[in-house]
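Colleague: Quick one: the structure is below, questions incoming.
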Amino acid sequence: MRALKVIIGLIYDDKWLVGGIAGAIIIAKSLAVIGVSGAVAGILFMVLLFGAVLISVVREVRTKGTG
Amino acid sequence: MNWYVAGASFLGTAVEFVEALTIVLAVLLTKGWRTSLAGASLAVVVLAALVLILGYPLVHIVQLGIVQFVVGLLMLLFGMRWLRKAILRYSGHKAVHDEAKAFARELERQRKSGAGGVGIDGFGALTAFNGVLLEGLESVFIVITVGLSAGALPSAVAGSLVAFVLVVLAGVAFKRPLQTVPENTLKFVVGVMLSAFGTFWAGEGLGIAWWNQDLSIVIVMAFYLTASLLFVSYLRATRRSAVADSVHSA
């Protein structure tokens, strides 16, 4: 139950991160479906996922200032 | 005893057990042994029940791709959240977790909860459960396919059991030195590790054929660690220049 609350809380708190992960998944699935090679699709998936973390961090830094 | 089958099963399942051990150790070091063992034990029970009830047809009934995607997605959600927090902490945009204060608070919480307090963290237990269940399922698949294709299932089971015992012994040996790593550093590394496992499994579930299969996890880990450290240095530099600008203008 607590784990479920954490997941719901995560989606609510980190919309940019969760949205970025969802976007990366959609793109990776599309690449897999059209038959892009594993190495290319894997690298792109990895980079897109880190991009989601990056955007989420930048958003937080900009919203809360230099801390 | 068919030694080729035992050897193949040993090597194949050892890789899966090491991956499961990595996650169990990560949860153990950050959330405590009760949480870690509760999740891992539950996964072993579920796995044993699946094998006993379904038997050999398990390989055809369980859609490994779906399990990989769901487990990978959960690992990604938790791992990337930790990684994000670690980047903010290390770049000075979030207060560094005071380990001594947190330890004192945890002791106080346990004291208040009394002897009846179980002290199991739901998220940590779920993470350990997912990791052990998925890796366990993959190990069962390896044993069944290798064992049945060569007509030597007992040899495949024996090879897998030896791998299991050796990996558990390695885990016991590594636990103590890992406990000396500072908590903040540990959380950073665990965030990177969970994100890497999540990326690999979710990717496999989506149909990505990773380069050199499980070896890709190490590459993904190295990428996340390097990229995170570079990003931390960039954020530190911009923070320093922002502080210097505000001092000059004051």
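Read-outs throughout are calculated quantities, based only on the coordinates presented, and are distinct from any laboratory measurement. What you are looking at is a predicted structure, and each value in this text was computed from that prediction instead of being measured. Positions of Cβ are backbone-derived with ideal geometry, glycine not excepted, and every protein chain shown enters the neighbour counts.
Colleague: Could you check the spin-label model distance between B:I66 and A:T63? Points 7 Å from the Cα along Cα→Cβ, value in nm.
Modeller: Placing both labels 7 Å beyond Cα along the Cβ direction yields 3.5 nm.
Colleague: How many Cβ atoms of partner chains, on average, are near each residue of A:41-48 if near means within 10 Å of its Cβ?
Modeller: Details: counts 6, 11, 6, 1, 8, 12, 2, 1.
What the average comes to for A:41-48 is 6.
Colleague: Another question, then. Quick check on packing: order B:66-76, A:30-40 by the mean number of other C-beta atoms within 10 Å, highest mean leading.
Modeller: On the way: B:66-76: 20.4, A:30-40: 13.5.
Highest to lowest by the protection proxy: B:66-76, A:30-40.
Colleague: Right, here's the next one. From the P(r) of chain B, can you give the percent of Cα pairs sitting at distances over 35 Å?
Modeller: Values: 7471 of 31125 pairs.
Looking at chain B, the distances longer than 35 Å represent 24 percent of pairs.
Colleague: Oh, and also: Taking K and R as +1 and D and E as -1, what net charge do the other residues with C-beta under 9 Å from the C-beta of B:R84 add up to?
Modeller: 0
Colleague: Still on this structure, I have one more. Compute the separation of the alpha-carbon centres of region B:150-205 and region B:23-52 and state it in Å as a whole number.
Modeller: 12 Å
Colleague: What percent of all Cα-Cα pairs in the protein assembly as shown falls into each 10 Å bin, going from 0 up to the bin containing the maximum distance?
Modeller: Using 10 Å bins, I get a P(r) of 6, 23, 32, 24, 11, 3, 1, 0, 0 for the protein assembly as shown.
Colleague: Follow-up. Given a Förster distance of 35 Å, report the FRET efficiency between B:V218 and A:V33 from their Cβ-Cβ distance, rounded to the nearest 0.05.
Modeller: 0.80
Colleague: In percent, what relative contact order does chain B have, based on Cα pairs under 8 Å that are 6 or more apart in sequence? Working shown, then result.
Modeller: Details: 293 pairs, mean separation 100.2, N = 250.
Once normalised by length, the contact order is 40 percent.
Colleague: Would you calculate a helix-derived [θ] at 222 nm for the protein assembly as shown, using -39,500 (n - 2.57) for each DSSP H run of n ≥ 4 and dividing by the full residue count, to the nearest 500? Mind showing how you got there, number by number?
Modeller: Details: 12 runs with 269 residues, N = 317.
It comes out at -29500 deg cm²/dmol, rounded to the nearest 500.
Colleague: Also, quick follow-up: Over 26 Å between Cα atoms, which of A:K64/B:K175; B:K94/B:K175; A:K64/B:K187; A:K15/B:K175 qualify? Before the final figure, lay out the partial values.
Modeller: Details: A:K64/B:K175 38 Å; B:K94/B:K175 29 Å; A:K64/B:K187 23 Å; A:K15/B:K175 35 Å.
With Cα atoms farther than 26 Å apart: A:K64/B:K175; B:K94/B:K175; A:K15/B:K175.
Colleague: Further question on the same structure: Once the Cα atoms of region B:183-238 are picked out, what are the Rg and Dmax in Å?
Modeller: Looking at region B:183-238, its Cα Rg and Dmax stand at 13.0, 39 Å.
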